[in-house]
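The values are calculated or read from the model by the stated rules, or taken from the named source; none is laboratory data. Computed from a predicted model, the values in this text were never measured in an experiment. No Cβ is skipped: glycine too gets one built from the backbone with ideal geometry, and neighbour counts run over all protein chains shown. Protein only, heavy atoms only, side chains kept; ligands, DNA and RNA dropped before computing areas. Shrake-Rupley method; radii C 1.70, N 1.55, O 1.52, S 1.80 Å.
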Amino acid sequence: MKQDEKVALVRIMTELVKSDTVICRSEMAVFDEICESYKIDKEEALAKAHSITFAEAVKRLKSVQNDSDEDGKTEMSKIMGILERLSLADGACESSEALLITALRIVLSNDGEGEVDCSCDVLDNIAPFTVFYVESEYDTEINNEIIENYRLIEREFKLAGFEFVYIPKRAESFKAMNKDALKEIIGFLAPTIAQSSKDVVDNVYEEICNLDTVNFAHSLLRNKLGLECLYDTEPSFLVKLGDSRVSFKPVHNYLKFMTKGDVVADVRLFVDSYLSIVKPNKVEVSGVSSCENCFEYSGFNKSIFDLLAFPSKSCASRVFVDEYNLRIVLEDVKETLDVYAYERALYTFLLYARVEGITIRITERDKARKERNNRIFNKIYQKMNDKGDYNGDSWDAVGLKSSISRIKKRIKAISLLENKDDYIPVLDDNGVLSLRVSTDKVLVRDSSGKQVLMKDSAAWYKIKE
């Protein structure tokens, strides 16, 4: 085991030991025994472990070379064995420990179709044992299965101590409440919203009554909590594991595991794994109910207003070239680049040049390169506008500077966009015009209408031919 993997193992062990808020000498004895077995310098590893998140530690441990011994036992199965032994060192595996073990079983298994992520430096009041259904694109088949089996799924989770949150059902419960009463509650629970204006309260009311799985995962969980595991996610369940600290700062841990198509079977598999190790005890989770003028202030209902009131986390957004709707969207901050037709084509052209490694020099002297650039620009102009060919001078310096200035103004006004300079066209002293956006953030549609990277699109590749 490499040194950074040893540190990761120690970080995970400390998370297990501290998760139930009781530390026993028996746990310390097993901890020391494991360190000795893996030749870990305990003091050094502990000092380094406190500076990495649980999510990072799991990611490192997942990279351990998973060789089998003479008995056919893999290294990962041995690691899981010692972690489960540690969780039972004080005589019983409490619910918080069992949840971490369940997460580790999913992520470190051979299938490895789960991942652990965390939110940092944000207001995250979501309670541990909350389970969300999340997706980046609406999956009709999966959603229909959840709707048909909602009570069964909710009961499976509830009997194991989890609160299942299926956003469309929660939106229905908000809609069922008296409208004026719910608006009063919004103002009472999130006074910062109420102080803004009546329009803001109205907007929040509309938002919570019209929440859907895709926007909830993207706008609230990903953008506000910074959960990168929800970036372009398949239909999955997201489980709040608990809260911890890294370098004295709060960190909130989550497990995401994909549904493989049979939602009920996936839920039962997860719940059974958890129940197979947790200390037997009676668990009661309050159900969420509402009446015309009442609001149950517990569980997810308690945290939703914090999510709405808390500002979104800034990010370096993907750029979606939506030729079908003739627009450019900064996908992760939900902003459309509001510019003129020529500027829309110019920006798309610069994105294309960035992806294809084409140098755009506005004073290009090479006739062949100049003709190529003009040909590509005209094709892109036709794609991104409904006005036919471009008849002006694409590389007029005065017009270019005016367009760059307008684009810059629009980009600078997007408050949640990180690294704004990467998204602003630059015209250097040598007449080279460029963008610095990462090629992994430039999206287009494929023939089926799904988003793909521009660099992977055959249709866009052919533009330069």
inquiry  = Tell me which helices (runs of 4 or more DSSP H) are completely within region 60-157 and hold 1 or more residues being under 23 Å from THR213 (Cβ atoms), or say none if there are none.
reply    = 95-108, 140-148
ask   = Considering SER247, SER276, which residue is free of Cβ contacts under 8 Å to residues at least 40 places away in the same chain and over 12 Å from the mean Cα position of the chain (by Cα)?
value = SER276
ask   = Would region 195-206 turn up any residue that is at pLDDT below 85, surrounded by 15 or more Cβ atoms within 10 Å (Cβ to Cβ) and over 28 Å from the mean Cα position of the chain (by Cα)?
value = no
query = Identify, please: which residue in region 135-184 is of a type in the set (Phe, Trp, Tyr) and open to solvent by less than 50 Å² (accessible area, probe 1.4 Å) and is, among those, nearest to the chain's Cα centre (by Cα)?
reply = TYR166
task = Please work out if GLU113 is on the phi < 0 side of the Ramachandran plot and either buried (at least 18 other Cβ atoms within 10 Å of the Cβ) or modelled with pLDDT of 90 or more (or both).
result = no
request  = Please enumerate the residues belonging to region 422-450 that are among the polar types (S, T, N, Q) and part of a helix (DSSP H, G or I).
outcome  = THR439
request  = Determine if region 335-345 includes at least one residue that is at pLDDT 80 or above and under 22 Å from the mean Cα position of the chain (by Cα).
outcome  = yes
inquiry  = For region 331-375, which positions are free of Cβ contacts under 8 Å to residues at least 60 places away in the same chain and among the aliphatic types (A, V, I, L, M)?
reply    = ALA341, ALA345, ALA368
remark   = For region 1-56 the number of residues that are assigned to a helix (DSSP H, G or I), open to solvent by 60 Å² or more (accessible area, probe 1.4 Å) and among the hydroxyl-bearing types (Ser, Thr, Tyr) is 1
key: Leading residue by the ranking (nearest to LEU241 (Cα to Cα)) among those in region 63-81 that are surrounded by fewer than 18 Cβ atoms within 10 Å (Cβ to Cβ) and modelled with pLDDT of 85 or more   = MET80
message = Looking at the structure I just gave you, is VAL204 in contact with a helix residue (DSSP H, G or I) (Cβ under 8 Å, 6 or more places away or on another chain) and farther than 29 Å from LYS183 by Cβ?
response = no
task = Kindly indicate the residue of region 306-355 that is more than 15 Å from LYS455 (Cα to Cα) and of a type in the set (Lys, Arg) and also least open to solvent (accessible area, probe 1.4 Å) among those meeting that condition.
result = ARG344
remark   = Counted residues in region 314-344 being in a strand (DSSP E or B) and among the hydroxyl-bearing types (Ser, Thr, Tyr) come to 1
request  = Starting from residues that are open to solvent by less than 40 Å² (accessible area, probe 1.4 Å) and farther than 17 Å from ALA181 by Cβ, keep the ones in region 286-305 and report whichever is modelled with the lowest pLDDT.
outcome  = GLY287
task = Check whether at least one residue in region 141-157 is hydrophobic (A, V, I, L, M, F, W, C), within 30 Å of PRO250 (Cα to Cα) and modelled with pLDDT of 90 or more, and report yes or no.
result = yes
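Quick grid of which residues meet (1) farther than 18 Å from VAL339 by Cα; (2) surrounded by fewer than 17 Cβ atoms within 10 Å (Cβ to Cβ):
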position	(1), (2)
THR359	yes, yes
ARG369	yes, yes
ILE407	no, no
ARG410	no, no
LYS420	no, yes
ASP428	yes, yes
LEU435	no, no
ASP440	yes, yes
SER448	yes, yes
query = Hey, among the residues in region 256-282 that are basic (Lys, Arg) and farther than 15 Å from LYS158 by Cα, which one's surrounded by the most Cβ atoms within 10 Å (Cβ to Cβ)?
reply = LYS256
message = Taking the criterion of being open to solvent by 20 Å² or more (accessible area, probe 1.4 Å) and among the aliphatic types (A, V, I, L, M), would at least one residue in region 230-239 satisfy it?
response = no
